[in-house]
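J.: Provided herewith is a single structure, encoded as structure tokens, for subsequent inquiry.
The values are calculated or read from the model by the stated rules, or taken from the named source; none is laboratory data. It should be emphasised that the depicted structure is a prediction, and the values quoted were computed from it without experimental measurement. Ideal geometry is used to build each Cβ from the backbone, glycine not excepted, and the neighbour counts take in all protein chains shown.
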Amino acid sequence: MGRVIGRMLLQAVGTVLVATLAIFLLLRVLPGDAATVALGVNATPDALAQWRVQHGTDRPLLTQYGTWLGGLLTGQFGHSFVTGRDLTPLILDRVQVTLILVGLGMLIALLIAIPLGTLAAVKNRSPVGTLISSVSQVGVAVPAFLLGLLLISFFAVRLGLLPSGGWIPPAFNFGEFIRRVALPALTLGLVQAAILTRYVRAAVVDQLNQDYLRTARAVGNRKWQALWRHGLRNAAIPILTVAGIQIATLLIGAVVVERVFVVPGLGSMLVDAVANRDLQAVQGIVMMLVLLVVAINLLTELAYAAIDPRIRVAQ
């Protein structure tokens with residue numbers, strides 16, 4: 001198991017290093033001058049030259065990359081080209097908000113998708129299974145921003161039960177935090193639940209057709225008993241794969257939901273940085289998203305090995 005973890009960590013480190021180089025180079029080939037964006041088109045040549053020296057953009061690209069990479073290794077994301085503020089505390093503060101929102105959204109999705117997907121598989125050719133499959137298909141087609149607006153219209157505007165947006169840290173006022181996070185988390189959760197329900201159904205149907213489950217039923221187990229004792233663990237592997245991908249997708253998809261519900265997360269910060277052409281901030285935010293995605297993939301692979309011993313042996 002130690003060898004498997006070591007190999008996974010090396011792969012993750014290699015992925016991060018490649019990502020740093022790709023992000024740095026891609027942002028450098030964008031048209032426009034960071035100094036002109038920061039100081040304005042009316043800035044004098046001397047002021048522009050001084051700004052470039054101050055922020056190091058006059059140095060060779062390799063030197064700039066080395067400086068940025070060295071800062072990342074010490075946990076520093078640099079300073080904003082537009083405001084001059086240290087990006088590290090800003091990004092760390094925003095990423096907490098996004099992780100809370102994504103975590104709650106994924107929890108809601110799993111709580112809905114696993115029982116409904118399993119029920120749809122067991123009742124595959126019955127009206128119940130057909131209904132669940134049809135509703136999940138419709139849910140997949142609904143954009144997150146549209147669902148968010150519908151929830152605001154119903155729960156906030158019409159019923160007045162929940163606020164339409166804003167954010168309160170859980171440590172400040174937990175009750176108000178729950179009220180404000182409910183709609184954005186539900187928006188993310190319902191969209192992902194529709195997708196996951198279909199994958200759970202497919203994975204469980206595949207296991208129901210396996211010989212070992214037929215054997216389990218032949219020795220006296222009912223369908224639900226055989227599935228609970230033997231089938232769900234095997235079905236968990238493809239479900240974990242999709243769940244890991246969906247969590248990574250949620251990190252990016254949360255951008256739209258954060259804007260709809262005025263949540264100060266990493267996604268809304270990225271949109272503002274792009275609008276202001278703050279390349280240093282964009283660079284840091286995208287790097288944080290890459291780190292999160294790599295960490296999610298690493299945890300998913302470790303979960304594979306923990307659930308199925310055959311994977312540990314194969315690796």
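J.: Considering only the range 9-46, state which residues are over 17 Å from LEU279 (Cβ atoms) and in contact with a Leu (Cβ under 6 Å, 6 or more places away or on another chain).
T.: ALA12
J.: Would you check which residues across the range 81-95 are modelled with pLDDT of 85 or more and either surrounded by 13 or more Cβ atoms within 10 Å (Cβ to Cβ) or more than 23 Å from ILE252 (Cα to Cα) (or both) and list them?
T.: Here is the first cut: in the range 81-95, the residues modelled with pLDDT of 85 or more are 85-95.
Within the range 81-95, ARG85, ASP86, LEU87, THR88, LEU90, ILE91, LEU92, ASP93, ARG94, VAL95 qualify.
J.: Given the conditions (1) within 30 Å of PHE177 (Cα to Cα); (2) not small (Gly, Ala, Ser); (3) not assigned by TED's automatic domain parsing to the domain that holds ARG259, report the number of the one that HIS55 does not fulfil.
T.: Among (1) within 30 Å of PHE177 (Cα to Cα); (2) not small (Gly, Ala, Ser); (3) not assigned by TED's automatic domain parsing to the domain that holds ARG259, HIS55 violates only (1).
J.: Let me ask you something else. Just one of (1) at negative phi; (2) outside the structural domain of THR197 (by TED's automatic domain parsing); (3) not hydroxyl-bearing (Ser, Thr, Tyr) trips up GLY75, so point out which.
T.: (1)
J.: Would you check which residues across the range 240-270 are outside any loop (DSSP other than H, G, I, E, B), more than 21 Å from THR15 (Cα to Cα), of a type in the set (Val, Ile, Thr) and under 16 Å from the mean Cα position of the chain (by Cα) and list them?
T.: VAL255, VAL256, VAL257
J.: Among residues belonging to the range 126-167 that are closer than 22 Å to PRO115 by Cβ and of a type in the set (Val, Ile, Thr), point out the one that is surrounded by the fewest Cβ atoms within 10 Å (Cβ to Cβ).
T.: The selected residue is VAL138.
J.: Something else now. Determine the pairs where a residue that is assigned by TED's automatic domain parsing to the domain that holds ARG201, located within the range 109-122, has a partner that is assigned to a helix (DSSP H, G or I) and aromatic (Phe, Trp, Tyr) with Cβ atoms under 8 Å apart, the partner being 6 or more residues away or on another chain.
T.: If the second residue must be assigned to a helix (DSSP H, G or I) and aromatic (Phe, Trp, Tyr), the pairs left are ALA113/TYR199; GLY117/TYR199; VAL122/TRP224.
J.: Inspect the range 52-67 for any residue being hydrophobic (A, V, I, L, M, F, W, C) and surrounded by 13 or more Cβ atoms within 10 Å (Cβ to Cβ) and give the result as yes or no.
T.: Checking the range 52-67: not a single residue is hydrophobic (A, V, I, L, M, F, W, C) and surrounded by 13 or more Cβ atoms within 10 Å (Cβ to Cβ).
J.: Is at least one residue of the range 91-98 in the same structural domain as LEU250 (by TED's automatic domain parsing), closer than 30 Å to VAL200 by Cα, aliphatic (A, V, I, L, M) and not in a loop (DSSP other than H, G, I, E, B)?
T.: yes
J.: Consider THR15 carefully, then state whether it is hydroxyl-bearing (Ser, Thr, Tyr), touching a helix residue (DSSP H, G or I) at 6+ places or on another chain (Cβ under 8 Å) and closer than 25 Å to PRO264 by Cα.
T.: Values: hydroxyl-bearing (Ser, Thr, Tyr): yes; touching a helix residue (DSSP H, G or I) at 6+ places or on another chain (Cβ under 8 Å): yes; closer than 25 Å to PRO264 by Cα: no.
No, not satisfied.
J.: Follow-up. In this structure, does GLY165 turn out to be among the small types (Gly, Ala, Ser), more than 30 Å from ALA235 (Cβ to Cβ) and modelled with pLDDT under 85? Outline the logic, then answer.
T.: Details: among the small types (Gly, Ala, Ser): yes; more than 30 Å from ALA235 (Cβ to Cβ): yes; modelled with pLDDT under 85: yes.
For GLY165, the condition - among the small types (Gly, Ala, Ser), more than 30 Å from ALA235 (Cβ to Cβ) and modelled with pLDDT under 85 - is met.
J.: On the given criteria, is VAL200 within 27 Å of VAL122 (Cβ to Cβ) and either at pLDDT 90 or above or in contact with a Leu (Cβ under 9 Å, 6 or more places away or on another chain) (or both)?
T.: Numbers: within 27 Å of VAL122 (Cβ to Cβ): yes; either at pLDDT 90 or above or in contact with a Leu (Cβ under 9 Å, 6 or more places away or on another chain) (or both): yes.
Yes.
J.: Residues in the range 168-185 that are surrounded by fewer than 20 Cβ atoms within 10 Å (Cβ to Cβ) and out of contact with any Lys or Arg (no Cβ under 6 Å at 6 or more places or on another chain): how many?
T.: 12
J.: It is to be established whether one or more residues within the range 124-138 are free of Cβ contacts under 8 Å to residues at least 40 places away in the same chain, in contact with a Pro (Cβ under 6 Å, 6 or more places away or on another chain) and not polar (S, T, N, Q).
T.: Checked against the condition, which is being free of Cβ contacts under 8 Å to residues at least 40 places away in the same chain, in contact with a Pro (Cβ under 6 Å, 6 or more places away or on another chain) and not polar (S, T, N, Q), the range 124-138 yields no hits at all.
J.: For the range 1-69, which helices (runs of 4 or more DSSP H) that fit wholly inside it have 2 or more residues that are at pLDDT 75 or above and closer than 28 Å to LEU292 by Cα?
T.: Numbers: elements: 2-28, 34-39, 45-55.
By residue number, 2-28.
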